[in-house]
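K.L.:
Take this structure first; my questions come after.
The values are calculated or read from the model by the stated rules, or taken from the named source; none is laboratory data. Here the structure is a predicted model, which is why all the values come from computation and not from measurement. Glycine gets a Cβ as well: all are built from the backbone with ideal geometry, and neighbour counts include every protein chain shown.
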Amino acid sequence: MIKSEILLGLPGFQISRIEKREGRVIVSARYSGPKTCAHCGASTVRSKGRFRRQVRHEDWGLRHCYIEGEALKLLCRSCGRQSRQRLPGILPCQRASESFREAIYQQHLDGVNRSRLGRREGIGAATVDRFFQHGLRRQFAEWHPPRCPTVLGIDEHFFTRRKGFATTFCDLGNHKIYDVVLGRSELALEPWLQQLEGKSEVRVICMDLASVYRSLVRRHFPLAALWRIVST
């Protein structure tokens, strides 16, 4: 069997056969990675047979590529529940690998429209849009970590004539914008601050002298060791 890291970019698979079928490249592979319960994460599992999945993968040249993967059905001795072996790079209940979804995202981001990209890849325009939205959410999660930065800057700026003002929260430690929230009143900012994670870890806050901001900072960042209030 051939290891799959180089050919597929997916670790843990052993390729048994590569064939051309109806103009497509079909890669048959068996996953031999870790055996853990998908529910509790325990490694005390036993095999209950095998299952097969066919998923779309990155194109090989001008040919569409599909992976016919085989893995184990597992019974956990710890929690007593059954699950299927998780496959790296292939999310549960998905018909395409993460590599293929990323390729569609990048092509659409580069300007290839949905209809043309869908016809070229043999998928629907709605599927292209769904993969693109998935890519945007993943990219946003990388740019916008859920935890609040420890050195936070707060300032207001005019947004639009219809929307009025917005409040910008900056990650001053990394010199970048953390988030922008529409509005500058307590009513507008309270919901965003309520769901913000890591507020107890904020150590420095730099902001202007607005009384609204001072009130919010006292309530939501009580452990801030230093406030540096500057006039704008």
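K.L.:
Out of Leu189, Leu193, report the one residue that is surrounded by 16 or more Cβ atoms within 10 Å (Cβ to Cβ), modelled with pLDDT of 90 or more and in contact with a His (Cβ under 8 Å, 6 or more places away or on another chain).
P.N.:
On the way: Leu189 fails: in contact with a His (Cβ under 8 Å, 6 or more places away or on another chain).
Selected residue: Leu193, the only one of Leu189, Leu193 that is surrounded by 16 or more Cβ atoms within 10 Å (Cβ to Cβ), modelled with pLDDT of 90 or more and in contact with a His (Cβ under 8 Å, 6 or more places away or on another chain).
K.L.:
Residue by residue through the stretch 35-52, note down the ones that are closer than 19 Å to Gly69 by Cα and out of contact with any Lys or Arg (no Cβ under 8 Å at 6 or more places or on another chain).
P.N.:
Matches in the stretch 35-52: Lys35, Arg52.
K.L.:
Let me ask another. For the stretch 30-45, which residues satisfy the criterion of being under 22 Å from the mean Cα position of the chain (by Cα) and without any contact (Cβ under 8 Å) to a residue 24 or more places away in the chain?
P.N.:
Gly41
K.L.:
Consider only pairs whose beta carbons are under 8 Å apart and that are at least six residues apart or on different chains; among these, list those whose first residue lies in the stretch 101-126 and is at positive phi and outside the structural domain of Arg63 (by TED's automatic domain parsing) and whose second residue is crowded, with 18+ Cβ neighbours inside 10 Å and not in a loop (DSSP other than H, G, I, E, B).
P.N.:
Gly122/His64
K.L.:
Among the residues of the stretch 144-171, what is the count of those that are more than 17 Å from Trp192 (Cβ to Cβ) and under 26 Å from the mean Cα position of the chain (by Cα)?
P.N.:
2
K.L.:
Hey, another quick one. Pull up the stretch 122-147, narrow it to residues that are touching a helix residue (DSSP H, G or I) at 6+ places or on another chain (Cβ under 9 Å) and among the hydrophobic types (A, V, I, L, M, F, W, C), then point me to the one that is nearest to Arg56 (Cα to Cα).
P.N.:
Ile123
K.L.:
Exactly one of (1) out of contact with any Phe, Trp or Tyr (no Cβ under 6 Å at 6 or more places or on another chain); (2) in the same structural domain as Ala29 (by TED's automatic domain parsing) is unmet by Arg137. Its number?
P.N.:
(2)
K.L.:
Now, a different point. Could you grab me the full set of residues in the stretch 16-38 that are under 15 Å from Arg84 (Cβ atoms), among the hydroxyl-bearing types (Ser, Thr, Tyr) and not in a loop (DSSP other than H, G, I, E, B)?
P.N.:
Matches in the stretch 16-38: Tyr31 only.
K.L.:
Among the residues of the stretch 46-62, is any crowded, with 17+ Cβ neighbours inside 10 Å and over 25 Å from the mean Cα position of the chain (by Cα)?
P.N.:
So far as the stretch 46-62 goes, no, none of its residues is crowded, with 17+ Cβ neighbours inside 10 Å and over 25 Å from the mean Cα position of the chain (by Cα).
K.L.:
For the stretch 39-77, which positions are polar (S, T, N, Q) and either touching an Asp or Glu at 6+ places or on another chain (Cβ under 8 Å) or part of a strand (DSSP E or B) (or both)? Give the steps one after another, and end with the answer.
P.N.:
Just the residues of the stretch 39-77 that are polar (S, T, N, Q), to begin with: 43-44, 47, 54.
Result: Ser47, Gln54.
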